[in-house]
1. Taking the stretch 14-62, which chymotrypsin sites (Phe, Trp or Tyr not before Pro) meet the DSSP loop condition and have no more than 16 other C-beta atoms within 10 Å?
2. Could I have the simple spin-label model distance between Val79 and Ile54, label points 7 Å from Cα toward Cβ, reported in nm to one decimal?
3. So how much slack lies between Phe62 and Leu45, counting 0.36 nm per residue of separation and subtracting their Cα-Cα distance, in nm?
4. Can you give the Kirkwood hydrodynamic radius of the stretch 10-65 from its Cα pairs, in Å with one decimal?
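FYI, it's all coordinate maths here, none of it is from the lab. The model shown is predicted, which means the values in this text are computed figures rather than measured ones. FYI the Cβ positions are ideal-geometry reconstructions off the backbone, even for glycines, and counts take in every protein chain you see.
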Amino acid sequence: MGTGATEARTDRCQRCFQPVPAAAGKCPHCGEIMSRSSRKVGLLLGICGLFLAIAIVVFSLFLQQSTPDDDSPRDSAPVERPAQPEKPPVLDR
């Protein structure tokens, strides 16, 4: 009988997030008016979120490559500072 190939396309209501037939003028659950602009805004926000996530991943990979590893060559020996003579304690009178 129904294989699912003839099912109508659905969108999500921006107010109650319930599935709504794409051809519906308003949500049958909460009565929110379904407009094409709200669907476009949702799609645009999804695309922007995906782009932002990809940019964060690429940026973090770039940062990992630009930081030196622990095995990288550094100064051959740490600089030793000469010992400072101890100062006698100051007594308040």
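1. Sparse-neighbourhood loop chymotrypsin sites (Phe, Trp or Tyr not before Pro): Phe17.
2. In this crude spin-label approximation the distance works out to 4.7 nm.
3. Values: separation 17, 0.36 × 17 = 6.12 nm, distance 2.55 nm.
Contour length minus Cα-Cα distance gives 3.6 nm.
4. 13.1 Å
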